[in-house]
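Here the structure is laid out as structure tokens; the discussion comes afterwards.
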Amino acid sequence: MFRKSTINKQLDMFSSPVQMMGKRESNQYDDPNAWHNKFYREVTSKVDEDIFKPLFSDGKANGKDGRPNAPIRIIFAMRVLKEGCGCSDESLYEQCRYNLLFRAALGLFNLSDSCPSIDTYYGFYRSLCKYNEEHDVDLFKECFQKITKAQTKEYRISGKSVRMDSKLISSNITWYSRYEIIQKTFAGAVTRSELEKIDDQMIRQQAMEFFDEDARKTVYRTDSETMGRRLLNLGLVIDYVLGHCGKDEKVLLRRVFHEQYEKSDDGTVSVRDKRLVNAKSVQNPNDPDAQYRGKNGKKVKGFSTNITETCDNPGKPNLITDVTVEGAGTADNSYVKEALKESEKVTGDKVEVLHSDGAYQSEANRQLAADPEKGFKFVANGIQGKSSRYELNLTDDHNLEVTDKHTGEVIQATPVGEEKWKIKITNDEGKTSWRYFGTEQIEKSKVRKEVESIPFEERKKRNNVEATIFQYCFHTRNNKTRYRGKIKHTLQAVARCVWINMRRLFLFDTRIAVQMA
């Protein structure tokens, strides 16, 4: 049956490295403020192994072992060390076996203590990912939350004021053209023996051709007109294959077909206009979770990571309280409600102030902030969109006053039906025209005025979250990870944030120790 491992192990006087060190080295090794001892106290020893109990069962039912082959706290801490130091699995195991500081961080204080085998390490995380996929429950994140909760309580860190920001991160996939996406998905979903059984000779011949080809070379040497015909023929082949298999089979191929093609009621297949293909469509069959997004001139196929952390703790470290990973097409303003809920769960404090940038502004979030019971002060340092030339003010008697920011002129707008007004404007050439305003423009002008009225000192508190974002992606290459899939990206993000919190507490304790010396 499942059993938790022992935190405080008995030291062996014959295999403890301290017994073989010089005085200076042993003092540094045993220093409670050293990073490895801090890591053991704040991460390894705080792992609640009961959280991972669902991964195991009594006996060996359903292919599960009754107990883990190694302490889960050590396996969890190893993943944090890996993402914290940005090393490969091979380098991680070398350090955990032969680096005394890494071993101490994991609680392997005796030279005779064995590091978990690599099969146990991989097996645990395979089970973790499978459980997440089947039950939509992230046990790794739950453990992170419990560790952070203990840290905020120990250091008395308030969660009443938080700030958040997001980062687009690329998946470890190759950039495919539209044709490559469809062809690679088709080739990965079928087998040669399946295609050889197709009754229609023409379909069978075309299917074999598409199955065997190198899509990249085809794209390189094919003109746009010919490529259009190949896309259509490939779609016809896929439609035939899907029509001769069960509805629960070839799920990814079915998804790609419906994203890239249109099928009319009479069964006619046509290639969908590429401008109508959703950014959340499959970007690479090797990572169906990855999504496309263009931002500030940069194109990303991957994910968006939203990080929430405490702020306004003078003299104390600010800790990350929530990290969420979604597809790159996810809007920043969709994170707010759930992120605040998770942050409150960790700190135990109701969020009173939220600092963010303009991307988190939305009507729903403003209503959430204005809620009399669950509301909070929404401090945004901007609002999306270009600032308008006109400032709008709707009076109590439902008249609209329009102020021209360029000239300072105040214009009384003329009502046009319900909830709509207009003013006459003259351009530089002397031509006149009408400018119309609706409730949406009035609301946006009101929000922009409120944002601009917030003191600069208050607005700039959000800026420090940029340092957290920088640390999060510090070990990525051009903001591209070595992982594929939302679940694995979440593991990487959470482990990295555990490390960041530990480092902040370590630096804080070091500073206090220096001040007291």
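The values are calculated or read from the model by the stated rules, or taken from the named source; none is laboratory data. Only a predicted model underlies this, so the values are computations on that prediction, with no experimental measurement involved. Don't worry about glycine lacking a Cβ; one is built from the backbone with ideal geometry, like all the others, and counts go over all protein chains shown. Quick note on the areas: whole protein, heavy atoms, side chains included, nothing else; ligands and nucleic acids left out. Shrake-Rupley method; radii C 1.70, N 1.55, O 1.52, S 1.80 Å.
Please give the calculated 222 nm ellipticity per residue for the chain, where each DSSP H segment of at least 4 residues contributes -39500 (n - 2.57) and the sum is spread over every residue; nearest 500 deg cm²/dmol?
-13500 deg cm²/dmol
Roughly speaking, to the nearest percent, how much of the chain's 1.4 Å accessible area is carbon and sulfur?
Carbon plus sulfur share of accessible area: 48 percent.
Can you work out the Karplus-derived ³J(HN,Hα) for every residue in segment 288-295? Use 6.51 cos²θ - 1.76 cosθ + 1.60 with θ = phi - 60°, whole Hz, and x for glycine or proline.
x, 7, 5, 10, 9, 7, x, 8
As a test of reading the structure, rank ARG103, ARG504 by solvent-accessible area (1.4 Å probe, protein chains only), most first.
ARG504, ARG103
Working with all protein chains in place, sort ILE320, ILE118, ILE51 by solvent-accessible area computed with a 1.4 Å probe, largest first.
Sorted by accessible area, descending: ILE118, ILE51, ILE320.
Which one is right for this structure if Cα extents along the principal axes in Å is calculated from it: (1) 93, 74, 41; (2) 94, 61, 48; (3) 63, 58, 46?
Computed from these coordinates, Cα extents along the principal axes in Å corresponds to label (1).
Take every DSSP beta bridge whose two residues both sit in segment 236-392, then give the antiparallel share in percent to the nearest 5. Intermediate values should be presented prior to the final figure.
Numbers: 15 of 19 bridges.
Percent antiparallel among DSSP bridges in segment 236-392 is about 80.
Rank these residues by their accessible area, most exposed first, probe 1.4 Å: GLU213, GLU352.
Sorted by accessible area, descending: GLU352, GLU213.
Identify, among GLY438, PRO415, ALA370, the residue whose Cα sits farthest towards the positive end of the charge dipole of segment 362-454, taking +1 on the Cβ of Lys and Arg and -1 on the Cβ of Asp and Glu, with the dipole about the Cα centre.
GLY438
In debye, nearest 20: dipole of the chain around its Cα centre with unit charges on the Cβ of K, R (+) and D, E (-)?
For this selection, approximately 1260 debye.
Picking from SER161, PHE186, CYS115, whose Cα lies most toward the positive end of the charge dipole for segment 111-226 (charges on Cβ: Lys, Arg +1; Asp, Glu -1)?
SER161
Taking the Cα atoms of segment 402-484, report the difference between the largest and smallest coordinate on each principal axis, in whole Å and largest first.
Computed over the Cα atoms, the extents are 57, 33, 31 Å.
Given the whole protein assembly as supplied and a 1.4 Å probe, what does the accessible area of PHE437 come to in Å², nearest 10?
10 Å²
Return one whole number: the accessible area per residue of the chain in Å², for a 1.4 Å probe.
Ligands and nucleic acids excluded, the result is 54 Å² per residue.
Along segment 29-37, what does the Karplus equation 6.51 cos²θ - 1.76 cosθ + 1.60 (θ = phi - 60°) give for ³J(HN,Hα), rounded to whole Hz, x for Gly and Pro?
Result, ordered by residue: 5, 8, 4, x, 8, 5, 4, 5, 6 Hz.
What does the accessible area of THR439 come to, in Å² to the nearest 10, when a probe of 1.4 Å is used?
Using a 1.4 Å probe on the heavy atoms, I get roughly 70 Å².
I need the peptides 442-449, 334-341, 303-310 ranked by packing, meaning the mean over residues of other C-beta atoms within 10 angstrom, with the highest value on top.
Taking the mean over residues of other Cβ atoms within 10 Å, the ranking is 303-310, 334-341, 442-449.
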